[in-house]
Amino acid sequence: MTQDLIDPRALDRLAEVAVSVGLNLQQGQDLILTAPVAALPLVRRIAAAAYRAGAGVVTPIFSDEELTLARYRNAQKESFDKAPTWLLEGMAAGFAGGAARMAIVGDDPMLLAEEDPEKVGRAGKANSIAYRPALDHIANFRINWNIISYPTASWAKRIFPDLPEDEAVRRLADAIFAASRVLGEDPVAEWKAHNAALAERTKWLNAQRFDALHFTGPGTDLRVGLAEDHEWMGGASKAQNGVVCNPNMPTEEVFTTPHAARVEGTVRSTKPLSHQGSLIDGIEVRFEGGRIVEAKASKGEQVLLKLLDTDEGARRLGEVALVPHSSPISQSGLLFYNTLYDENAACHIALGQCYSKCFLDGASLSQDEVKAKGGNASLIHVDWMIGGAETDIDGVKPDGSRVPVFRKGEWAR
Ligand code: ZN
Ligand code: ZN
């Protein structure tokens, strides 16, 4: 029913641009995609676009909100320490065999908000462990991958609780299509220009060779040491399989790897973090020697503390990213409860696993070498927003001299 509300031409363009620019799917390449059943209209278009582009076999794996809830409400306790390991290992085998990966997100991000946090935490951990071999291909950027979203009714109602469902879906569809740059006649050209603008930023940052970034703002005085031989990335980039792709759609960020042992000071979140169905807001943490030694939140503190206890790396940073306050997603003023959108509205940091691609010659580094350069390792990678209209950032050079990077939430140059 809701699919009649969504402009079919914009959906066609989203499918087309996700396959050609997002994935840059290669002749003969297989595609494994995950999606909510509610996104079926988009999945069908993706499959058609992928086969037109020469795909080998397109294999969708669906999730469903009712099925997810059926487990939480009916399964015995032991269920929550299990994951479909065989399936996730199969995905890993698919990637190892050269398949590309696409994720369509759209399930209600707060679906599990009312469920037992203990069960949510255990199921999340079991899944993270089982997904690890597949995630390695993504985290190490061995394959071309892409993530996009679909305006489902349940997600739309979460963002616009006061609007009738039809209106909510229309508003979310508009926001997704605008942020994904598919409203114009030539989205491919728009993405090319956007990628070029992001490449300018990364080029400048990479030439600076900063030793650290110093963030200041309300509740924030944080020095983020950068990993040795870190490399800034953003927009289109080349996977280890040689394919240039655009992993995130939308994307507004440029990002790199912090040094896991060189983060000092305090930081306060500027937007709520939606994590596996829970909302964590008003996060305030203090770092010492790269490790979070104090943490609190005005909302969802228990979820945050549980997250930090996932493993040793969960208390350290794996990513730092810059997004100007004037970015289109930030200006929409919406909280999407979805990292793909919310992280592109503000400067952010991520707890946990680093991206090995964010190093000079990252593809050739072993895990030990990444670690030796300061790259963090963890089962989690959770982004949270620390930037806003008041954010100032200085780049600190090895000799201690400073270069303005952001002033009042915007690029200083
Ligand atoms: Zn990011
Ligand atoms: Zn991230």
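Computed from the coordinates by the stated procedures, all read-outs in this text should not be read as laboratory data. Since this is a predicted model, take the numbers as computed values, not measurements. Glycine also receives a Cβ, built like all others from the backbone with ideal geometry; neighbour counts cover every protein chain displayed.
A crude spin-label estimate for the pair L40 and E369, with each label 7 Å from Cα along the Cβ direction, gives 4.8 nm.
Name the residue farthest towards the positive end of the dipole of the range 2-179 from the options T68, L14, G106, assuming +1 on Cβ of Lys and Arg, -1 on Cβ of Asp and Glu, about the Cα centre. Towards the positive end, the residue furthest out is L14. Measuring from a point 7 Å past the Cα of V188 along Cα-to-C-beta, which residues in the range 37-69 have an amide N at less than 14 Å? Only 49-50, 52-54 fall inside the zone, counting backbone N under 14 Å. Size descriptor for the range 147-253, Kirkwood hydrodynamic radius: 16.9 Å (Cα pairs only, one decimal).
When +1 charges are put on Lys and Arg Cβ atoms and -1 charges on Asp and Glu Cβ atoms, the dipole computed for the chain relative to its Cα centre reaches about 580 debye.
If the segment from K299 to D136 were pulled out straight at 0.36 nm per residue, it would be longer than the present Cα-Cα gap by 55.5 nm.
Evaluated with a Cβ-only charge set (Lys, Arg +1; Asp, Glu -1), the range 365-413 carries a dipole of roughly 160 debye about its Cα centre, given to the nearest 20.
Projecting the Cα atoms of L334, V370, P41 onto the charge dipole of the chain, computed from C-beta unit charges around the Cα centre, puts V370 farthest toward the positive end. Under the simplified labelling scheme, the N206-A70 pair shows an inter-label distance of 4.9 nm, with each label point 7 Å from Cα along Cα→Cβ. Stretched out straight at 0.36 nm per residue, the stretch from D81 to T59 would grow longer than its current Cα-Cα span by 5.3 nm. How many nm is it between the label spots at S326 and W411, if each spot is 7 Å from the Cα in line with the beta carbon? Output for this residue pair reads 1.0 nm.
For the range 2-179, the dipole from Cβ point charges (+1 on Lys and Arg, -1 on Asp and Glu) about the Cα centre works out to 580 debye, to the nearest 20.
For D361 and D399, the difference between the fully extended length at 0.36 nm per residue and the C-alpha to C-alpha distance is 11.2 nm. Per-residue 3J(HN,Hα) values for the range 226-232, derived from phi via the Karplus relation 6.51 cos²θ - 1.76 cosθ + 1.60 with θ = phi - 60°, read 9, 4, 4, 6, 5, 10, 7 Hz in sequence order (x marks Gly and Pro).
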